[in-house]
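Every read-out reported here was derived from the displayed coordinates using simple, explicitly stated rules and does not represent laboratory data. Values in this document were obtained by computation on a predicted structure and should not be read as measured data. Heads up, the Cβs are rebuilt from the backbone with ideal geometry, glycines too, and the neighbour counts pull from every protein chain shown.
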Amino acid sequence: MQVIITVIGTDKVGIIAAVTTKLAALDVNILDVSQTIMRGAFTMMLLAQLPETADFTAVKNQMQALGADVGVDVKIARQEIFDAMHKL
């Protein structure tokens with residue numbers, strides 16, 4: 001299943017490393033990534049592929065817990081739901 005992961009928070013050292021290390025530990029493949037820093041605000045959006053055996057809710061909970069530990073907001077949505085929510 002493909003998912004969209006967003007990470008938003010105050011910029012600091014280690015955000016990308018923490019997020020990508022956790023995704024690797026969960027065997028999640030990053031397909032595309034975009035990130036920027038605007039006046040100290042860090043934003044990153046990733047398109048990723050979960051393993052076929054992955055439990056979406058468990059991955060979501062682990063990523064949100066990581067966000068709390070790092071001090072950023074991490075959200076994850078199935079790509080088809082994300083796409084449906086953001087169509088004009």
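Brief remarks follow.
- Potential lengthening between Met45 and Met1 on full extension [0.36 nm per residue; Cα-Cα distance subtracted]: 14.2 nm
- Structure-derived log10 I(q)/I(0) by the Debye sum over Cα atoms at q = 0.11, 0.12 Å⁻¹ - corresponding label in (i) -0.44, -0.49; (ii) -0.28, -0.33; (iii) -0.36, -0.41: (ii)
- Cβ-Cβ FRET estimate between Thr21 and Glu52, R0 fixed at 25 Å, reported to 0.05: 0.70
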